[in-house]
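Novice: Have a look at the structure that comes next, please.
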Amino acid sequence: MTSDLPWGRAELLLSTVAASAIAEVHGIVVDHATFLGPSGIIVRLRAQARDLAQSAIGRDQVRSCAFEMAADDLAWGRAPLSTWRTFALDSVLDPEGEPIALAAPQTDAAIQAEGRQLARDIERQALSSRDAFDAIRGLAAELGAAAQLQALLWRDPRIKAPARLRAIMRASIEPLQRRIGGLTLDSRPPSEAARQTARPISAWRKLFGGHPA
């Protein structure tokens, strides 16, 4: 049965990440409110937004946008993220502006190396985020979602990442996809041919053909 919804997996993935960011921001605002006033909370939120904006992980870029918008809302006396539409399903279907052009060279060896390192960092995060058994079992799916986020966001005009950081995001996609392919191969049951270790009949004849019965 096919869905009649006007969005696909990519849009739902972005919306899920955005919803997670909203929940995170609300939790942090509540925690800060126990010992900080509005101005202190705004400072903390902006600092967190700046830190996350330096990450080449797509999920962190969405979180950065959420923290920054929440700070703006509080500064204007609004509830944090009460009107935040960025990365919601409707804003994905009607994106704000055109994808930006990538300024950093894609053949830069340093960028490619940083992309490979970023892919390894994303995998380490995935493995440390849950119980070891569950993390290993769900690793391919987790890396698949991360690769898709990198592909969706590296030139999205809604994030604040500079050109070089976007280039690193893009350079991480292929290493993530290769790793997913390796995990998929490792998880396949061994084929019947691989399980058979007996020598071919011709080899047995060569070994024993000259011996008396």
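The values are calculated or read from the model by the stated rules, or taken from the named source; none is laboratory data. Note that the structure is predicted; figures quoted are calculated from it, not measured. Reconstructed Cβ throughout: ideal geometry from the backbone, glycine too, with neighbour counts over all protein chains shown.
Novice: On the given criteria, is residue 111 among the β-branched types (Val, Ile, Thr) and modelled with pLDDT under 70?
Specialist: Numbers: among the β-branched types (Val, Ile, Thr): yes; modelled with pLDDT under 70: no.
No; evaluated as a whole, the condition is false for this residue.
Novice: Answer with yes or no whether residue 30 is without any contact (Cβ under 8 Å) to a residue 60 or more places away in the chain, surrounded by 14 or more Cβ atoms within 10 Å (Cβ to Cβ) and either in the same structural domain as residue 146 (by TED's automatic domain parsing) or not hydroxyl-bearing (Ser, Thr, Tyr) (or both).
Specialist: The answer is no for residue 30.
Novice: Check every one of the helices (runs of 4 or more DSSP H) wholly within segment 125-213 and list those with 2 or more residues that are at pLDDT 90 or above and under 28 Å from residue 89 (Cα atoms). First the steps, then the outcome.
Specialist: Numbers: elements: 132-137, 139-153, 163-171, 173-186, 192-195, 201-208.
So the answer is 139-153, 163-171, 173-186.
Novice: Test residue 106 against the criterion of being surrounded by fewer than 19 Cβ atoms within 10 Å (Cβ to Cβ), modelled with pLDDT of 90 or more and within 22 Å of residue 162 (Cα to Cα), and give yes or no.
Specialist: In short, no.
Novice: Identify, by number, the condition in (1) under 27 Å from residue 150 (Cα atoms); (2) without any contact (Cβ under 8 Å) to a residue 40 or more places away in the chain; (3) of a type outside the set (A, V, I, L, M); (4) crowded, with 18+ Cβ neighbours inside 10 Å that residue 73 doesn't meet.
Specialist: Residue 73 satisfies every listed condition except (1).
Novice: With 15, 64, 82 as the choices, which residue is more than 24 Å from residue 148 (Cβ to Cβ), touching a helix residue (DSSP H, G or I) at 6+ places or on another chain (Cβ under 7 Å) and of a type in the set (Gly, Ala, Ser)?
Specialist: 82
Novice: If I ask for residues that are surrounded by 14 or more Cβ atoms within 10 Å (Cβ to Cβ) and either at pLDDT 95 or above or of a type in the set (Gly, Ala, Ser) (or both), which ones from segment 1-16 would you list?
Specialist: If the condition is that a residue be surrounded by 14 or more Cβ atoms within 10 Å (Cβ to Cβ) and either at pLDDT 95 or above or of a type in the set (Gly, Ala, Ser) (or both), then 15 is the only one that fits.
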